[in-house]
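Student: Can you keep this structure in mind? I'll have questions shortly.
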Amino acid sequence: MKAVKDFENKKVLVLGLARSGEAAARLLAKLGAIVTVNDGKPFEENPSAQALLEEGIKVICGHHPLELLDEDFAYMIKNPGIRYDNPMVAKALRKGIPVYTEVELAYRISESPIIGITGSNGKTTTTTMIANVLNAAGQSALLSGNIGFPASEVAMTAIDKDTLVMELSSFQLMGVETFHPHMAVITNLMPTHIDYHGTFEDYVAAKWHLQGQMTADDYLILNFNQDLAKELASKTQATVLPFSTQEEVDGAYLKDGYLCFKGEQVMAADTIGVPGSHNIENALAAIAVAKLSGVDNAVIAQTLSSFSGVKHRLQFLGQVKGVSFYNDSKSTNILATQKALSGFDNNKVILIAGGLDRGNEFDELIPDIVGLKKMIIIGQSAPRVKRAADKAGVPYLDAEDVKDAASIAFKEAAPDDVILLSPANASWDMYKSFEVRGDDFIAAFESLKGE
């Protein structure tokens, strides 16, 4: 960890806890800052705040007093999920207080080079693929960021021989200033999180912060399947390395069934350990990073062939009586479910879909569900999902929840069929998170396997 002096004897307000806020508070205290933590959860229900208080860090819980900002704070470190129109954040900005997320702290103290990965879909899978390949090659790659390991926490113990492979959300990237990865990947850019950002243009601008400090000595890996990425390629100082499944580019690409890099075949596309056209794109991005990092083709091919996916992201659970189960609970929007379905033969798929009703119809999904063997429909959005199923001519059944849906689907399935949980909806009508929803599906699979 670099012994930076930026925060020494400076008053810093950490707004919002969760894992990243707790990690940021500890790091700032270690850097000599005078730290105050403010979190909305009451103190008696807040073990993180209790632990920080025991460590001598000031905590204010249960409310967000605006008058707190009348103190002379030099910085605010906010939880990425807190919007910029939040009264506390808005007042800090009016007062000219820099507002960062903890990934900015991670960069400032990191002795390790950083590979940053962002995008609308595929971030976690691509991040994991990259780390797996680098580690298989004998390099020390540490997962960090939005993937569940707070970047500042990982950066505290990382050394110069390590590489931080960092998943980054648009929320995190809005709060950076000096953040400078040596390599960066943007998997794709689709309209999402518009409720947070306001417009797609603002969302793209947040993602584009990833490359703000990059130079010609750095590599920015972009998805040239998208015209938007091609447009953005001319707006960066970084050296752009494209990837594409649609054309041969000066980078990583799909040609004649092989994943290639700058004229050489790396591996057969059909040997990737996870299905779907989107995973070919993810693998190409990982290959680009691996080749730039000096990894041999044999190591890349072996690692990506044995890659079984990330939990809740088109995760292959196994088979029961010849029926395959895939947990894609992370598919909380239509695009993600479209990509999941692209890896299967529809007439063998029983799709479990539905969830939080956000008021949108599912007409965009119709071409992708045509020919499905059956759908099992759950959640608030069931009437809207059923309308799409009717238009696509797909038979469907109702279920109470994911466990019930898995049981019903299994009764309808035959050997060689696929039961796919890919809801195209958020989980909050029924579950605390997509992880809890996915865990429910895993539990149902284990129960069926044990019968």
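Student: If you take the square roots of the eigenvalues of the alpha-carbon gyration tensor of the stretch 69-170 and sort them as a ≥ b ≥ c, do you get rounded (a/c under 1.5), prolate (a/b over b/c) or oblate? Before the final figure, lay out each step's value.
Tutor: Working: a/c = 3.97, a/b = 1.93, b/c = 2.05.
Cα axes put the stretch 69-170 in the oblate bin.
Student: Note down the nm distance, to one decimal, between modelled labels 7 Å out along Cα→Cβ at GLU111 and at GLU177.
Tutor: For GLU111 paired with GLU177, the spin-label model returns 2.6 nm.
Student: If the limit is 18 Å between Cα atoms, which of LYS2/LYS161; LYS207/LYS330; LYS339/LYS386; LYS2/LYS95; LYS11/LYS207 go over it?
Tutor: LYS207/LYS330; LYS339/LYS386; LYS2/LYS95; LYS11/LYS207
Student: Would you mind putting 6-15, 333-342 in packing order, based on average other-beta-carbon counts within 10 Å, highest first?
Tutor: Working: 6-15: 19.8, 333-342: 21.9.
The densest-packed peptide leads the list: 333-342, 6-15.
Student: Follow-up. Cα axis of helix 382-392 to longest principal axis of the chain: angle in degrees, 0 to 90, nearest 10?
Tutor: The helix 382-392 is inclined about 50 degrees to the chain.
Student: Would you mind calculating the gained length between GLU451 and GLU44 on full extension (0.36 nm times residue separation, minus the Cα-Cα distance), in nm to one decimal? Can you show the working numbers first?
Tutor: Working: separation 407, 0.36 × 407 = 146.52 nm, distance 4.29 nm.
Extending this stretch completely gives an extra 142.2 nm.
Student: Same structure again: Rounded to the nearest 500 deg cm²/dmol, what is the calculated helix-only ellipticity per residue at 222 nm for the chain, with -39500 (n - 2.57) per DSSP H run of length n ≥ 4?
Tutor: For the chain, the value works out to -10000 deg cm²/dmol.
Student: Right, next: Apply the Karplus curve 6.51 cos²θ - 1.76 cosθ + 1.60, θ = phi - 60°, to the phi angles in the stretch 429-436 and return the couplings in whole Hz, x for Gly and Pro.
Tutor: Along the stretch 429-436, the couplings run 5, 10, 10, 5, 7, 5, 5, 5 Hz.
Student: Using the Karplus curve 6.51 cos²θ - 1.76 cosθ + 1.60 with θ = phi - 60°, what ³J(HN,Hα) values do you get for each residue of the stretch 99-113, in whole Hz, with x for Gly and Pro?
Tutor: 10, 10, 9, 5, 5, 5, 4, 4, 4, 5, 9, 6, 7, 9, x
Student: Now for a different question. Find the centroid of the Cα atoms in the stretch 253-306 and in the stretch 200-221, then give the distance between the two in whole Å.
Tutor: 24 Å
Student: If we sort 166-176, 298-308, 319-329, 345-355 on the protection proxy, mean other Cβ atoms within 10 Å, highest first, what's the order?
Tutor: 166-176, 345-355, 319-329, 298-308
Student: Label the stretch 103-306 by shape, choosing from rounded, prolate and oblate, from the square roots a ≥ b ≥ c of the eigenvalues of the Cα gyration tensor; if a/c is under 1.5 it is rounded, and otherwise prolate applies when a/b is larger than b/c, oblate when it is not.
Tutor: Here the stretch 103-306 falls in the oblate category.
Student: Rounded, prolate or oblate: which fits the stretch 303-434, taking a ≥ b ≥ c as square roots of the Cα gyration tensor eigenvalues, rounded meaning a/c under 1.5, else prolate when a/b beats b/c?
Tutor: rounded
Student: Among (i) 0.98; (ii) 1.03; (iii) 1.09, which is the computed Rg/Rh (Cα atoms, Kirkwood Rh)?
Tutor: Recomputing Rg/Rh (Cα atoms, Kirkwood Rh) here picks out (i).
Student: Follow-up. Going by accessible area, probe 1.4 Å, with all protein chains left in place, what is the ranking of LYS123, LYS449, LYS78, LYS5, largest first?
Tutor: Largest accessible area first, the residues go LYS5, LYS449, LYS123, LYS78.
Student: Hey, another quick one. Taking θ as phi - 60°, what are the ³J(HN,Hα) couplings along the stretch 60-73 by the Karplus curve (6.51, -1.76, 1.60), each to the nearest whole Hz, with x for Gly and Pro?
Tutor: Taking θ as phi minus 60°, the curve returns 10, 10, x, 6, 10, x, 4, 5, 4, 6, 6, 6, 8, 7 Hz for the stretch 60-73.
Student: Something else: Rounded to the nearest 10 Å², what accessible area does ARG387 have for a 1.4 Å probe in the complete protein model?
Tutor: Probe radius 1.4 Å; accessible area of ARG387 about 110 Å².
Student: To the nearest 10 degrees, how steeply does helix 123-136 sit against the main Cα axis of the chain, on a 0 to 90 scale?
Tutor: 80 degrees
The values are calculated or read from the model by the stated rules, or taken from the named source; none is laboratory data. All values reported here derive from a predicted model rather than from experimental measurement. So basically every Cβ, Gly included, is an ideal-geometry build from the backbone, and we count neighbours across all protein chains shown. Surface areas here come from the heavy atoms of the whole protein model, side chains and all, with no ligands, DNA or RNA. Shrake-Rupley method; radii C 1.70, N 1.55, O 1.52, S 1.80 Å.
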